[in-house]
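Input: a single structure, listed below in structure tokens.
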Amino acid sequence: MNRLAKLALGAGLALTMGALAPRAASADVQLNALFMKQAAYSEDDIRNMTTAFEQANPGIKVNLEFVAYEALHDKIVAAQGAGGSGYDVVLYDVIWPAEFAKHGFVLDVTSRIPDSETAQIFDGAWSTVTYDGKRWGMPWILDTKYLFYNKDMLKRAGIAAPPKTWDELTAQAKILKDKGIVQYPIVWSWAQAEALICDYATLVAAYKGSFFNGDKPAFDQDGALKAMQYMNDSLRDGLTNPNSREYLEEDVRRVFSNGDAAFALNWTYMYSMANDPKESKVAG
């Protein structure tokens, strides 16, 4: 398992307790790996990496499974609850290490990580896999949301360059709407889920707000309030697709890829899919 640990942990995954489960005697080793669909890679990337790993390690077969983010946590928990042999390697979010470590879902891999690898990764990334002074995986995807824009729509509206500020986004969206190029220029993922929190946190930072004032919530103050006002105004003025209030990231991707939005805030994964003619009407 040491070679697998180095590959898997050199990505951003964790070894589960299933990695230690007894296996039927066989010349081949079957490993089960769980990934997320909407991450900063394409499924082809993972399949190519897996093929390269299998070629370098004859006798090991890796079975891949991809699920939506909303299903990822419960899939991992259910697999461990079913006997701990469901998955050998899992991708998990930065908010889960404490829970998974407390319940024995993932392995402590602190001793498997050499100092030479530690030095190549900045401290903030290590904090995403650390709990109780131990490391329960390796940081891999430090993704962020990007503002995607439709170049053709901007060109037709006479807009020379994409927006550099949130106020410019509003102004350009109004031009696109007034010229009838698209009914709702902006689409967001504002469903009551992590998706909404990510978009809101981005705007709070832009308006130099904070979530707390001391130990008290500050959502109704300063930049945090301005962020909510920005969101509300965008809906009120018909610049944001009203369905954004129920949308998750995949909904945003589909709307943008269908040509029904000029702007979208989404994770890196949307770039390749929006440029894939099999997935998108706006490829290119």
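Yes/no per residue for (1) of a type in the set (Val, Ile, Thr); (2) out of contact with any Phe, Trp or Tyr (no Cβ under 9 Å at 6 or more places or on another chain); (3) farther than 21 Å from Val94 by Cα:
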site: Pro185; (1), (2), (3): no, no, yes
site: Ala191; (1), (2), (3): no, no, no
site: Ala224; (1), (2), (3): no, no, yes
site: Met231; (1), (2), (3): no, no, yes
site: Ser234; (1), (2), (3): no, no, yes
site: Asp251; (1), (2), (3): no, yes, yes
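Taking the options Ala205, Ala195, Ala201, Ala173, name whichever one is out of contact with any strand residue (DSSP E or B) (no Cβ under 7 Å at 6 or more places or on another chain), under 20 Å from Asn258 (Cβ atoms), among the hydrophobic types (A, V, I, L, M, F, W, C) and assigned by TED's automatic domain parsing to the domain that holds Phe263.
Values: Ala205 fails: under 20 Å from Asn258 (Cβ atoms); Ala201 fails: under 20 Å from Asn258 (Cβ atoms); Ala173 fails: out of contact with any strand residue (DSSP E or B) (no Cβ under 7 Å at 6 or more places or on another chain).
On inspection, the qualifying residue turns out to be Ala195.
So which residues in the range 102-134 are among the aliphatic types (A, V, I, L, M) and either outside any helix (DSSP H, G or I) or in contact with a Lys or Arg (Cβ under 7 Å, 6 or more places away or on another chain) (or both), if there are any at all? Show your work before the answer.
So in the range 102-134, the residues among the aliphatic types (A, V, I, L, M) come out as 106-107, 109, 113, 119, 121, 125, 129.
Selection gives Val106, Leu107, Val109, Ile113, Ala119, Ile121, Val129.
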Please pick out the residue among Glu54, Glu65, Glu70, Glu99 that is in a strand (DSSP E or B) and out of contact with any helix residue (DSSP H, G or I) (no Cβ under 6 Å at 6 or more places or on another chain). Glu65
Is there a residue being more than 22 Å from Ala39 (Cα to Cα), at pLDDT 95 or above and either surrounded by fewer than 18 Cβ atoms within 10 Å (Cβ to Cβ) or touching a Lys or Arg at 6+ places or on another chain (Cβ under 6 Å) (or both) anywhere in the range 183-197? yes
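Kindly indicate whether Lys177 is assigned to a helix (DSSP H, G or I), basic (Lys, Arg) and free of Cβ contacts under 8 Å to residues at least 12 places away in the same chain. Before the answer, list the steps.
Numbers: assigned to a helix (DSSP H, G or I): yes; basic (Lys, Arg): yes; free of Cβ contacts under 8 Å to residues at least 12 places away in the same chain: no.
So Lys177 does not fit the description; no.
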Lone unmet requirement of (1) on the phi < 0 side of the Ramachandran plot; (2) in contact with a helix residue (DSSP H, G or I) (Cβ under 8 Å, 6 or more places away or on another chain); (3) surrounded by 15 or more Cβ atoms within 10 Å (Cβ to Cβ) for Ile141: (2)
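The values are calculated or read from the model by the stated rules, or taken from the named source; none is laboratory data. Computed from a predicted structure; not experimentally measured. All Cβ positions, glycine included, derive from the backbone under ideal geometry; neighbour counts span all protein chains shown.
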